[in-house]
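These notes concern the structure reproduced below.
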Amino acid sequence: QVEVVESGGDLVQPGGSLRLSCTTSGAPFRFNAVGWFRQVPGQQRELVAKIAGISTTDYADFVKGRFVISRDNAKNVVYLQMNSLKPEDAAVYYCKTRIYDSDFWGQGTQVPVSS
């Protein structure tokens with residue numbers, strides 16, 4: 001059984017930074033694609049950033065230049081470094097990966113952005 005776990009969510013002020021982490025149990029990421037998504041109540045879940053292979057990354061336009069996705073395979077962790085946070089970045093952030101031809105989602109970690 002593969003489990004995805006996000007961590008690092010916390011209240012942050014506008015302009016601040018936060019780093020989220022995503023790891024798995026039951027099977028490692030290896031170089032499978034991993035995506036960070038976010039969702040606000042009443043809205044659809046949206047892709048924020050994804051990483052595939054060693055370091056092929058892609059970002060949603062609304063986070064380009066502010067967020068960085070990276071992976072440390074030795075630790076089996078994928079990070080989302082979030083900088084210059086805006087109030088509209090407030091959401092529950094989810095991590096998703098595909099292992100053994102199945103998609104696995106975490107339970108999410110909340111990121112409130114408020115002064």
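Quick notes on this one:
- Heavy-atom accessible surface of the chain, averaged per residue, reaches 55 Å², computed with a 1.4 Å probe.
- Alpha-carbon Rg with Dmax, taken over the range 7-53, Å: 13.2, 36
- Candidates Gln13, Ala91, Val68 compared by Cα position along the dipole of the chain: farthest toward the positive end lies Val68, with charges placed on Cβ.
- For the chain, the carbon plus sulfur part of the accessible surface works out to 47%, probe radius 1.4 Å.
- Solvent-accessible surface (1.4 angstrom probe) belonging to Lys64, in square angstrom, nearest 10: 120 Å²
- Per residue convex hull volume, Cα atoms of the chain, in Å³: 95 Å³
The values are calculated or read from the model by the stated rules, or taken from the named source; none is laboratory data. These figures come from a predicted structure and were not determined experimentally. Counting neighbours? That spans all protein chains shown, and the Cβs are built from the backbone with ideal geometry, glycine included. Side chains included, ligands, DNA and RNA excluded: accessible areas come from the protein's heavy atoms. Shrake-Rupley method; radii C 1.70, N 1.55, O 1.52, S 1.80 Å.
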